[in-house]
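So the structure is just underneath, and the comments pick up after that.
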Amino acid sequence: MSGTAAKAASNEDWDLLLTFFPDNWRDLATETGALKGLRKNRSAESLLRTLLIHLGCGHSLRETVVRAREAGLADLSDVALLKRLRKSRDWLYALCVALFREHGIAVSAGEGFQVRTFDATTVQEPGRTGSLWRLHYSVNLPSLGCDFFKLTATEGSGTGESFTQFPIRPGDYVLAGRGYSTGVGIRHVAAAGGYVTVRANTGSLVLETTAGKEFDLLSSVESVSQAGPVGVWTARTTAKPGPPVAGRICALRKTDEAIEVAHAKIHQTARHSGKRVQPETLRFARYVIVFTTYPPEAFPAQQVLEWYRLRWQVESVFRRFKSIAQLGHLPKHDDESAKAWLYGKLLVALLGEKVVRHAMAVSPWGYDVAQRPDSQSLA
């Protein structure tokens, strides 16, 4: 379904796709200045449809303008389309925020501070000689603004997922997944005056007690024998050379149903890779375990896990974003163009999520007949 929104932008399903947009999507185009400067084809619908052909289908700017011209949507050059993409950045961002609200993710800034969530994906540009890039990006929560991105190669030293890819400001609160669970990366955040909550990777995160002895993570978390209670332990992560970083381990036991799903996924992965599943892997999979340096007086363990839950909700959209981001030419001309491209890709991912949710809820054809603009009564 990742290409649903993209395909609909250039065929007869466009009217159906429009029913999944926020109600005020046209007003947002005017309010954010996306249409400013357009002398002809001054239509929010034509502009958005043209942008989605580029962003969702992965066509180059040049191919997009040809398709838009043939479809009667717009008559402009590839340079003009790039400029229009840049001017649409705030519009695309506003559409993402609106769809996140519909997704049930809190985006009000009532807490008075920003949390940054880090992630990375690869971008394979089309063509036999298309370049393969790794895109590292940071999104603020709850505002959902992209505050940093960086392109690196996909192979070689210093190209992988790591906190060290990102600039850290004093007072930053960072959330990240297992790929960032290393002592070196956590120390990078702490040394800059930031705080981190990261899903523990039991294979890469080395922990010790405050007395400098080995921390028995498995025995500790298994003391939480049922779903509901939160286990908390002081520990510190190590990576030599350099001092350890003190923090807390926070853990929850999953429900029996969630454990079954986790175990099934582990066994499936093992079958595909031809590897044996270690008993410890199945035991750890019964828990959600995070390592955090968030100040305990301001962030009790329950609140730490609630913030990580929010990151998990956003990650469900990021997973679709990653598959869509692999289709397309990432603008590398300037930061504004690249950020607009990121918001556009995220918009396609959010639309895809909404279409999937709706299709699962409405059976058997996957949409509400009453929403179709051309539906007719046969009574």
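Take the range 218-255 and flag every residue that is touching a residue at least 40 places away in the same chain (Cβ under 8 Å), in a loop (DSSP other than H, G, I, E, B) and hydrophobic (A, V, I, L, M, F, W, C).
Val224, Ala239
Looking at the range 294-346 only, could you name the residues that are of a type in the set (Phe, Trp, Tyr) and within 30 Å of Ala235 (Cβ to Cβ)? Working first, answer last.
Residues of the range 294-346 of a type in the set (Phe, Trp, Tyr): 294, 299, 307-308, 312, 318, 321, 341, 343.
If the condition is that a residue be of a type in the set (Phe, Trp, Tyr) and within 30 Å of Ala235 (Cβ to Cβ), then Tyr294, Phe299, Trp307, Tyr308, Trp312, Phe318 are the ones that fit.
Being surrounded by 11 or more Cβ atoms within 10 Å (Cβ to Cβ), in contact with a Phe, Trp or Tyr (Cβ under 8 Å, 6 or more places away or on another chain), more than 18 Å from Arg311 (Cα to Cα) and not aliphatic (A, V, I, L, M) is true for just one of Gly242, Gly193, Gly247. Which residue is that?
Values: Gly242 fails: in contact with a Phe, Trp or Tyr (Cβ under 8 Å, 6 or more places away or on another chain); Gly193 fails: in contact with a Phe, Trp or Tyr (Cβ under 8 Å, 6 or more places away or on another chain).
Answer to the selection: Gly247.
If the requirement is being within 25 Å of the chain's Cα centre (by Cα), closer than 25 Å to Arg116 by Cβ, at pLDDT below 75 and surrounded by fewer than 20 Cβ atoms within 10 Å (Cβ to Cβ), which of these qualifies: Gln313, Gln302?
Numbers: Gln302 fails: at pLDDT below 75.
From the options Gln313, Gln302, the qualifying one is Gln313.
Restricting to the range 54-79, name every residue that is modelled with pLDDT of 90 or more and touching a His at 6+ places or on another chain (Cβ under 6 Å).
Answer for the range 54-79, where residues must be modelled with pLDDT of 90 or more and touching a His at 6+ places or on another chain (Cβ under 6 Å): just Thr64.
Exactly one of these conditions fails for Ile259: (1) within 22 Å of Gly179 (Cβ to Cβ); (2) in contact (Cβ under 8 Å) with a residue 24 or more places away in the chain; (3) under 26 Å from the mean Cα position of the chain (by Cα). Give me its number.
That leaves (1) as the condition not met.
In the range 261-282, what residues are exposed (fewer than 14 other Cβ atoms within 10 Å of the Cβ) and either among the acidic types (Asp, Glu) or part of a helix (DSSP H, G or I) (or both)? Before the answer, list the steps.
Our first condition is that a residue be exposed (fewer than 14 other Cβ atoms within 10 Å of the Cβ); within the range 261-282, this holds for 261, 264-265, 267-269, 271-276, 278-280.
Answer for the range 261-282, where residues must be exposed (fewer than 14 other Cβ atoms within 10 Å of the Cβ) and either among the acidic types (Asp, Glu) or part of a helix (DSSP H, G or I) (or both): Val261, Ala264, Lys265, His267, Gln268, Thr269, Arg271, His272, Ser273, Pro279, Glu280.
Please give the number of the condition Ile324 fails out of (1) among the hydrophobic types (A, V, I, L, M, F, W, C); (2) in a helix (DSSP H, G or I); (3) surrounded by 19 or more Cβ atoms within 10 Å (Cβ to Cβ); (4) modelled with pLDDT of 95 or more.
Here Ile324 clears every test but (4).
Looking only at the range 62-93, how many residues end up being part of a helix (DSSP H, G or I), crowded, with 20+ Cβ neighbours inside 10 Å and small (Gly, Ala, Ser)?
1
Restricting to the range 135-173, and then to whatever is of a type in the set (A, V, I, L, M, F, W, C) and surrounded by fewer than 18 Cβ atoms within 10 Å (Cβ to Cβ), can you tell me which residue is farthest from Gln326 (Cα to Cα)? First the steps, then the outcome.
Keep residues of the range 135-173 that are of a type in the set (A, V, I, L, M, F, W, C), which gives 135, 139, 141, 144, 146, 148-149, 151, 153, 163, 166, 168.
Imposing the further condition that a residue be surrounded by fewer than 18 Cβ atoms within 10 Å (Cβ to Cβ) reduces the set to 148, 151, 153.
On the way: Phe148: 19, Leu151: 14, Ala153: 14 Å.
Here the residue is Phe148.
Conditions: (1) among the hydrophobic types (A, V, I, L, M, F, W, C); (2) modelled with pLDDT of 95 or more; (3) out of contact with any helix residue (DSSP H, G or I) (no Cβ under 7 Å at 6 or more places or on another chain); (4) in a helix (DSSP H, G or I). Ala258 meets all but one. Number of the miss?
It fails just one condition, (2).
Which members of the range 221-232 meet the condition of being under 29 Å from the mean Cα position of the chain (by Cα) and surrounded by 11 or more Cβ atoms within 10 Å (Cβ to Cβ)? Working first, answer last.
First pass over the range 221-232, keeping only residues under 29 Å from the mean Cα position of the chain (by Cα): 221, 227-232.
Selection gives Val221, Ala227, Pro229, Val230, Gly231, Val232.
The values are calculated or read from the model by the stated rules, or taken from the named source; none is laboratory data. A quick note: this is a predicted structure, and the numbers were derived from the prediction, not measured. Every residue, glycine among them, receives a Cβ derived from its backbone with ideal geometry; neighbour counts consider all protein chains shown.
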